[in-house]
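Here is the structure we will look at, set down as structure tokens.
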Amino acid sequence: MNDFPLFEVAELLPHTGGMIWLDKVLAWDEETATAELTVRTGPLFGGGDTVPAWAGIEYMAQTIGLYAGLHAKRAGEPIRLGFLLGTRRFESSAPGFRIGSVLTVRVEKIMQDGHLSVFDCRLTGDHVKVSAVLNVYQAPLDTIMHYEK
């Protein structure tokens, strides 16, 4: 794991307010990042006592954003926008996540070619396991696609 200090999630993602779904960074290194969250309801999910399992894709994508944000901070660069291009091999052991349950998300970069990357993602929690492979794109520094809060 890295000795570089951990930051608040809001410092690392180009999201604000209720669109930040992660609570904290647990660990990170050159190839991985691990985050934790408490499942919350919101207007996107229509209430109820669970959040659909497909929301796990966003939890994973935000953890990839944390990974990119941590590396940007270490390099003294701005937080850049990233885009989810696709999801492959999504598997969930449950149809949803219980409100209030605590989940851990771990992402591992398995390939990078320029600004395109592929991450193997795992989400675990109380009676649930989710996995997927996410393809992402991060805009280069010389574009206007960075975010300043």
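Quick look at the values:
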{"item": "Any hit, segment 105-127, residues being of a type in the set (G, A, S), surrounded by 13 or more Cβ atoms within 10 Å (Cβ to Cβ) and not in a strand (DSSP E or B)", "result": "no"}
{"item": "Residue match in segment 61-69 (condition: in a loop (DSSP other than H, G, I, E, B) and either more than 11 Å from the chain's Cα centre (by Cα) or in contact (Cβ under 8 Å) with a residue 12 or more places away in the chain (or both))", "result": "no"}
{"item": "Contacts under 9 angstrom Cβ, first residue in segment 91-119 being over 21 Å from V25 (Cα atoms) and without any contact (Cβ under 8 Å) to a residue 40 or more places away in the chain, partner surrounded by 13 or more Cβ atoms within 10 Å (Cβ to Cβ) and of a type in the set (S, T, N, Q), 6 or more apart", "result": "S92/S131; M111/S117; H115/Q138; L116/N135; L116/Q138"}
{"item": "Those residues of segment 76-104 which are more than 27 Å from L141 (Cβ to Cβ) and assigned to a strand (DSSP E or B), in sequence order", "result": "R88, R89, F90, E91, S92, G96, F97, R98, V102, L103, T104"}
{"item": "Flag if R106 is over 17 Å from L12 (Cβ atoms) and either of a type outside the set (D, E) or at pLDDT below 95 (or both)", "result": "no"}
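The values are calculated or read from the model by the stated rules, or taken from the named source; none is laboratory data. Because the structure is a prediction, the values reported are computed rather than measured. Backbone-built Cβ (ideal geometry, glycine too); neighbour counts: all protein chains shown.
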